[in-house]
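A short write-up of the structure that comes next.
Only the coordinates and a few stated rules stand behind these numbers; no lab work does. Everything quoted here is computed from the prediction, not taken from an experiment. For neighbour counting, all protein chains shown are included, and Cβ atoms are generated from backbone atoms with ideal geometry for every residue, glycine included.
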């Protein structure tokens, strides 16, 4: 009887252990963007293939940054995969906070990742995060209004043309603004937009010795142009408009043009949400006449593994699956090519079905035209186009963008804002030891 | 002699009260309304107030995507646990401060309150490190402890204010009848202070239910309450206002219902001792 009991217990224990070994679970922190949500819907496919269960923790973007930063620095070990961007990846990679993504399978074909994305997500040549989707920025415009105005949008317009077109399309009586652009404070919102605009006017954040450059004429020229354009042809209260507010305006047919993330192209051309879906055209982000740099940025939402995870292999398996060619095909098969995660892989843009998507080529051109290692006309000591890849940047740029938003809201002059931006950036950089 | 209140004055006061009430309620009303719209209707300009095709689609999507019951259960446990624990500690503390004050009682009360003046993010790292050290990350027990500590000063202050209203003579009479400390607190003080204790419990339950800094920063997949559920529907790139509103409505519904049924006790407790 005792032997029988012991055998039963041993069998039960073996079964429980086997079940525990099979039910490996990884936890992924992510944001609530459309492509991420879609990926969550396909998690079952991954679990079926590998037996690995996935727990999702979806957070608001700023909370996610705070949360994963705390988790990494305190070695909390709450997440096995984190969704991070192009700003954090090289900084965290340099700090050894992320597991290098080497040893990926041949089938994964790491060389297929768009070079711009791969460079932006690497540190010292080592890839630290795999792009789930990537984006640049471009002009989205109403082809019907452009035609009415008797204008032709060039493939690569200048800011001067954009102003001319905004003037022609602006129609306050019919509630149509010539142009909608971000003005909302925040380094990733209006801060990102004004930085790339400044790049295209020949400005830069820092010179080669890390001296702030807001006292240089190019910054003033860029701000004067932006504020003039928006005051004359932009929507009311543009100082508080970010991506979502402008998306909403454009989808309701209230903007002649909108310059923003290439990922918005799939939203504005989706007839379920957009009232202008069938009359949207695309062009490269503008530059100022005579300035070689355009105002397009480069960004990727990427999957990375925090150092200290106990489940590195399972995490790597998930990343390989979610950023693979096969995943793109899976989405295309079920939801159409317009809904696949864009901007990550070269092969996607070689697929004939995807080439037929109206915004595909301009998205690729915009991404290829962005060079994070050489973002400005004059040389700079930093990497990053709409950001400067140093840990201090997020704090500094948030404050600077608040000063600029105060200008857009009519609360202070451009000169005052630039003076304050120069002073606060200089102080912060000195305090940081630059 | 009672002061005569004119009809005109009554009308003005009533209208003002209604106006303030509606103003305060409007964001909740708008959230609930938006939750029944499509994403396109949610951002429609001019805003749609009532006449649109109502849909339950957002609730269906939210139900499908998130395990609402798990978030709800975590909220109930965390808010309930921290409130009960706080009350158990605060009743004796408030009793001693109210009935046997020392020279330092006032200073202690002020010092306790001073902990509320520190921005939470200022102690994010120390608390996170303690949580890592004691394996408390993403556990309901850890959150119960933190929320209890955060709300304890308020609980003690509220109970202290209520206890001060109770005549010491009654407690002395109980003592003369042979009541010990335990009997005095349990059978004499507590029943008399029930309205105050009830409103303290309610208010702290609401505060703990809505707490959205620690609950977001110290949880991941297991212990996340409804605040994390709402946060998961906020999107930097995409218009999901209708779904966000549906998630918000589902998150505030239990506490709204609780508040509705207990508003009498809540108002009575909050105004306890305010008018003499």
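Quick rundown of the values:
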read-out: The stretch B:44-180, relative contact order [Cα under 8 Å, separation at least 6], %; value: 41
read-out: Distance histogram for the stretch B:73-137 (every C-alpha pair counted, 5 angstrom bins, percent rounded to whole numbers); value: 4, 13, 12, 17, 23, 16, 10, 5, 0
read-out: Degrees separating the helix A:312-322 axis from the principal Cα axis of chain A, which is the longest one; value: 50
read-out: Relative contact order (%) - criterion: Cα under 8 Å, at least six apart; region: chain B; value: 31
read-out: Approximate spin-label separation residue B:93-residue B:108, in nm, with each point projected 7 Å along Cα-to-Cβ; value: 1.0
read-out: Cα-based shape type of the stretch A:156-308, given that a ≥ b ≥ c are square roots of the gyration tensor eigenvalues and the cut on a/c is 1.5; value: oblate
read-out: At R0 = 51 Å, FRET efficiency that the Cβ-Cβ distance of residue A:423 and residue B:190 yields, to 0.05; value: 0.30
read-out: CD proxy at 222 nm, helix term only [per DSSP H run n ≥ 4: -39500 (n - 2.57); per residue of chain B; nearest 500]; value: -21500 deg cm²/dmol
read-out: Approximate spin-label separation residue B:134-residue A:313, in nm, with each point projected 7 Å along Cα-to-Cβ; value: 3.5
read-out: Sequence-separation-based contact order of chain A, relative, with Cα cut under 8 Å and 6+ spacing, percent; value: 24
read-out: Potential extension, residue A:110-residue A:48 segment - 0.36 nm per residue separation minus Cα distance; value: 19.9 nm
read-out: Sites residue A:207 and residue B:261 - FRET efficiency at Förster radius 56 Å, r taken between beta-carbons, to 0.05; value: 0.30
read-out: On Cα atoms only, tilt of A:393-408 relative to the major axis of chain A in degrees; value: 40
read-out: Neighbour-count order for A:424, B:22, fewest beta carbons within 10 angstrom listed first; value: B:22, A:424
read-out: Between the stretch B:23-42 and the stretch B:131-150, the alpha-carbon center distance in angstrom; value: 34
read-out: Three-way shape label, the stretch A:305-404, alpha-carbon gyration tensor, a/c 1.5; value: oblate
read-out: Acute angle (nearest 10 degrees) that the helix B:124-133 long axis makes with the longest principal axis of chain B, alpha-carbon atoms; value: 80
read-out: Cα gyration tensor shape of the protein assembly as shown, rounded if a/c is under 1.5, else prolate or oblate by comparing a/b with b/c; value: prolate
read-out: For the stretch B:66-232, fraction of C-alpha pairs farther apart than 30 Å, in %; value: 27
read-out: Estimated FRET transfer efficiency (residue A:62, residue B:183; beta-carbon r; R0 60 Å; 0.05); value: 0.70
